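Beneath this line is the structure, given in structure tokens, with notes to follow.
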Amino acid sequence: MNAEMYQTPMEVAVYQLHNFNISFFSSLLGGDVVSVKLDNSASGASVVAIDNKIEQAMDLVKNHLMYAVREEVEILKEQIRELVEKNSQLERENTLLKTLASPEQLEKFQSRLSPEEPVPKSPRAPEAPDGSAV
């Protein structure tokens, strides 16, 4: 798999973290590819400099991931708001249709429901013994 297959910046960053390499972090920092030679002649200062670069890169990735997560959370919150609004509208419409439906229509509808589904109670006005509404 490669990074082009991912859709969001967060997915790309996670992919890159799983396939950690110095060139990725170097590109994030805007520098050239860092070549790291770990031999016995490396001075303590160069190791510290490399550690600092890695730490900066990790902070940059963390900040990028946090931003991407916040952005995704805002998108999801908006979708939830839209769905709650749509659900409320459909519930109002359902209630209205139930009140306007005749008893025969309700019975026909209820007979079509599968046995697992509960039979909805009709919020209709009580009927008098002669069949007229009270």
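Only the coordinates and a few stated rules stand behind these numbers; no lab work does. Just so it is clear, the model here is predicted, and its values are computed rather than measured. Cβ sites come from the backbone with ideal geometry, for glycine too, and all protein chains shown count toward neighbours.
Keeping to pairs on different chains or 8 or more places apart, tell me how many lysine pairs in the range 56-110 have Cα atoms under 29 Å apart. Don't skip to the answer; put the middle values down first.
Values: K62/K77; K77/K86; K86/K98; K86/K108; K98/K108.
So the count works out to 5.
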If you count, for each residue, the other Cβ atoms within 10 Å and average over each peptide, how do 76-86, 96-106 line up from highest to lowest? 96-106, 76-86
Segment T95-I50, extension gain: residue separation times 0.36 nm, minus the distance between their alpha carbons: 9.5 nm
